[in-house]
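Trainee: Sharing a structure below in structure tokens format, with a few things to ask.
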Amino acid sequence: MIRLNVNGEERAVDVDPDTPLLWVLRDELRMTGTKYGCGIAACGACTVHMDGMPIRACQTAAGDVEGVAITTIEGVNGKAAEAVQEAWRDLDVPQCGYCQSGQILAATSLLSDTPKPTDEDIDAAMSGNLCRCATYHRIRAAIHRAAEKMEG
Ligand code: FES
Ligand code: FES
């Protein structure tokens with residue numbers, strides 16, 4: 001049995017500690033907003049926050065994150081997260097949507113650390129999150145829009 005803190009709630013799950021966090025979230029806790037893309041930390045679809053930092057849930061053993069705060073798309077909140085989600089809606093960012101929970105988690109983490117990011121900051125922070133629909137221009141514009149919302 002391992003004990004996880006997910007979206008502010010303590011959750012006990014009966015899994016091998018080596019089980020990737022992604023499968024614990026999706027299969028045990030039924031939080032399916034976090035997606036499986038590549039399984040090798042190369043696409044960012046499975047991005048969640050560990051104490052506010054983006055991590056790849058597909059390559060994170062559940063046993064290694066006992067006692068730290070995990071946040072998924074179902075629970076992300078706060079000023080940066082709200083600004084990002086509003087901006088995503090304003091600019092209609094998603095196409096198929098598959099990559100977008102990971103994109104939103106990555107963008108929220110960027111804006112929490114860097115409230116006024118440059119294009120270069122955005123490219124650096126978001127380069128590990130791939131989008132097969134190529135929504136990159138809208139993502140970048142939405143991050144700038146979210147930064148403006150946070151200022152205002
Ligand atoms: S599924 Fe984890 S990075 Fe692609
Ligand atoms: S919106 Fe389709 S993969 Fe990104």
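The values are calculated or read from the model by the stated rules, or taken from the named source; none is laboratory data. What you see is a predicted model; the values in this text were computed from it and never measured. Positions of Cβ are backbone-derived with ideal geometry, glycine not excepted, and every protein chain shown enters the neighbour counts. Side chains included, ligands, DNA and RNA excluded: accessible areas come from the protein's heavy atoms. Shrake-Rupley method; radii C 1.70, N 1.55, O 1.52, S 1.80 Å.
Trainee: Quick one: order Thr32, Thr71, Thr135 from most to least accessible surface, probe 1.4 Å. Don't jump to the answer; show the numbers that get you there.
Mentor: Numbers: Thr32 65, Thr71 30, Thr135 0 Å².
Most to least solvent-accessible, the answer reads Thr32, Thr71, Thr135.
Trainee: For Val68, tell me the accessible area in Å² from a 1.4 Å probe, rounded to the nearest 10.
Mentor: Here the accessible area works out near 40 Å².
Trainee: Oh, and also: At a 1.4 Å probe radius, carbon and sulfur cover how many percent of the accessible area of the chain?
Mentor: On the way: 3580 of 7700 Å².
Carbon plus sulfur share of accessible area: 47 percent.
Trainee: How many nm is it between the label spots at Asn5 and Ala42, if each spot is 7 Å from the Cα in line with the beta carbon?
Mentor: Result for the modelled spin labels: 3.5 nm.
Trainee: May I pose another question? For the chain, what is the mean residue ellipticity at 222 nm derived from helices alone (per DSSP H run of n ≥ 4: -39500 (n - 2.57); sum divided by total residues; nearest 500 deg cm²/dmol)?
Mentor: Values: 4 runs with 50 residues, N = 152.
-10500 deg cm²/dmol, from helical runs alone.
Trainee: I'd like the GluC sites (Glu not before Pro) in the range 1-79 restricted to DSSP loop residues with at most 13 other Cβ atoms within 10 Å, sorted by number.
Mentor: Values: sites: Glu9, Glu10, Glu28, Glu66, Glu74; in loops: Glu66, Glu74.
When the GluC sites (Glu not before Pro) of the range 1-79 are filtered for loop state and at most 13 Cβ neighbours within 10 Å, Glu66 remain.
Trainee: Moving on to the next point. Taking the Cα centre as origin and putting +1 on Lys and Arg beta-carbons and -1 on Asp and Glu beta-carbons, what dipole magnitude results for the chain, to the nearest 20 debye?
Mentor: On the way: 14 positive and 22 negative charges, 93 e Å.
For this selection, approximately 440 debye.
Trainee: How much length would be gained if the chain were fully extended between Lys79 and Gln95, taking 0.36 nm per residue of separation minus their Cα-Cα distance, in nm to one decimal? Write out the running numbers ahead of the final one.
Mentor: Values: separation 16, 0.36 × 16 = 5.76 nm, distance 2.46 nm.
Additional length available on full extension: 3.3 nm.
Trainee: What does the convex hull of the Cα atoms of the range 14-152 come to per residue, in Å³, rounded to a whole number? It would help to have the intermediate numbers written out before the result.
Mentor: Values: hull volume 13.3 nm³, N = 139.
Each residue corresponds to 96 Å³ of Cα convex hull volume.
Trainee: Largest first, what is the accessible-area ranking of Lys116, Lys149, Lys79 with a 1.4 Å probe?
Mentor: On the way: Lys116 115, Lys149 70, Lys79 140 Å².
Ranked from most to least accessible, the order is Lys79, Lys116, Lys149.
Trainee: What number comes out for accessible area per residue over the chain if the probe is 1.4 Å? Units Å², please. The partial results should precede the final answer.
Mentor: Working: 7700 Å² over 152 residues.
That works out to 51 Å² for each residue.
Trainee: Also, I was wondering about something else. When the Karplus curve 6.51 cos²θ - 1.76 cosθ + 1.60 is applied with θ = phi - 60°, which whole-Hz ³J(HN,Hα) does each residue of the range 64-75 get, with x for Gly and Pro?
Mentor: 7, 10, 5, x, 10, 7, 9, 10, 10, 4, 5, x
Trainee: Which angle between 0 and 90 degrees, to the nearest 10, do you get for helix 79-90 versus the longest principal axis of the chain when only C-alpha atoms count?
Mentor: Rounded to the nearest ten degrees, it is 60.
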